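See below for the structure under consideration.
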Amino acid sequence: MNAFAQSLLFALAAAFANILGGVIVSSGNWAYRSLRYFVALGSGFMLGTVFLEMLPESLTLTNSAPVLLLVGYLIVHTFEHTFASHLHFGVETHHEEVVNPIVGISALIGMIVHTFFDGVAIGAGFMISPRVGILIFLAVLLHKIPDGFTIASIVITSGHSKGKALAGASALGGSTLVGVLAVHLLGGSVLLTYALPISAGSTLYVAATDLIPEVNREKGVKMAIVVFAGMGLFLMARAIARM
Ligand SMILES: [Zn+2]
Ligand SMILES: [Zn+2]
């Protein structure tokens with residue numbers, strides 16, 4: 001199987017997790033409680049992946065890696081928090097601020113840009129090696145259910161139907177696949193070397209600016225420890241991948 005087929009297959013699994021996140025919005029309290037662990041575990045795993053895999057690999061690809069990392073970070077920031085009027089991770093509880101249907105649409109656009117780079121990260125990882133690809137896939141997968149849950153929750157709170165919420169979560173899955181496709185279309189061009197550092201920046205944004213604040217909102221040290229567990233899980237996965 002070539003790198004494109006591998007990355008498409010894994011991105012399909014990640015896209016499915018987006019949809020799953022959309023489905024569990026209507027399934028009650030237990031889902032919300034377990035979602036918090038995915039957010040904390042995912043943020044730790046993603047931080048490990050960015051700093052110990054994506055960044056070192058990016059530096060071997062291009063001297064411009066640091067500036068591209070910043071570009072990736074700022075792209076997601078621009079769409080998620082400059083254009084989107086209300087977007088944060090987890091269950092939507094600010095009903096009075098979110099009643100405008102436009103809020104749901106702007107949040108969806110912001111999230112679609114973020115999930116596009118989820119796909120770019122997976123595609124670029126598999127271009128380097130199956131080992132790097134699988135580590136990035138795992139980092140992406142762990143926060144995919146919260147991705148889907150978040151958008152479905154905002155779409156419903158902003159006054160749209162449950163069907164629209166599920167369509168929104170599916171759109172996130174679709175844009176992940178488009179991200180993989182975009183990397184493949186770059187083929188052997190020089191732009192391909194930009195895909196990993198840019199998606200490293202976007203992954204850093206999602207981990208440190210979207211997910212960690214949600215972890216910090218929880219009282220007590222339990223959730224903070226789960227972040228370290230996520231980091232430990234990454235180190236374990238990396239050790240297994242190197243065997
Ligand atoms: Zn809110
Ligand atoms: Zn994501």
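The values are calculated or read from the model by the stated rules, or taken from the named source; none is laboratory data. Bear in mind the structure is a predicted one, so any value in this text is a computation, not a measurement. No Cβ is skipped: glycine too gets one built from the backbone with ideal geometry, and neighbour counts run over all protein chains shown.
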| remark: Okay, helices (runs of 4 or more DSSP H) sitting entirely in the range 53-108 with 2 or more residues that are among the hydrophobic types (A, V, I, L, M, F, W, C), I get 55-61, 65-77
| request: Report yes if some residue within the range 117-139 is at pLDDT 90 or above, near ligand 2 (Cβ under 10 Å from one of its atoms), β-branched (Val, Ile, Thr) and within 24 Å of residue 7 (Cβ to Cβ); otherwise report no. | output: no
| request: Among the candidates 212, 198, 156, 145, single out the residue that is touching a Lys or Arg at 6+ places or on another chain (Cβ under 8 Å) and either assigned to a helix (DSSP H, G or I) or under 21 Å from residue 49 (Cβ atoms) (or both). | output: 156
| note | Picked from the range 78-90 (must be buried (at least 16 other Cβ atoms within 10 Å of the Cβ) and under 17 Å from the mean Cα position of the chain (by Cα)), the residue farthest from ligand 1 (Cβ to nearest atom) is 79
| Matching residues in the range 152-178 - criterion: being at pLDDT 95 or above and surrounded by 24 or more Cβ atoms within 10 Å (Cβ to Cβ) | 168, 169, 172, 173, 176
| request: Examine the range 140-151 for a residue that is away from ligand 1 (no atom under 14 Å from the Cβ) and surrounded by fewer than 18 Cβ atoms within 10 Å (Cβ to Cβ), and state whether such a residue exists. | output: no
| message | What pairs come out if I take residues in the range 65-90 that are closer than 20 Å to residue 217 by Cα and pair them with residues that are away from ligand 2 (no atom under 16 Å from the Cβ) and assigned to a loop (DSSP other than H, G, I, E, B) whose C-beta lies under 9 Å away, six or more apart or interchain? | response | 86/92; 86/94; 86/100; 86/158; 88/94; 90/217
| said: What's the total number of residues in the range 143-171 that are under 16 Å from residue 200 (Cα atoms) and in contact with a Leu (Cβ under 6 Å, 6 or more places away or on another chain)? | reply: 0
| query | Of all the residues that make up the range 95-116, how many are in contact (Cβ under 8 Å) with a residue 12 or more places away in the chain and within 11 Å of ligand 1 (Cβ to nearest atom)? | reply | 4
| Could you count how many residues in the range 101-116 are small (Gly, Ala, Ser) and away from ligand 2 (no atom under 16 Å from the Cβ)? | 2
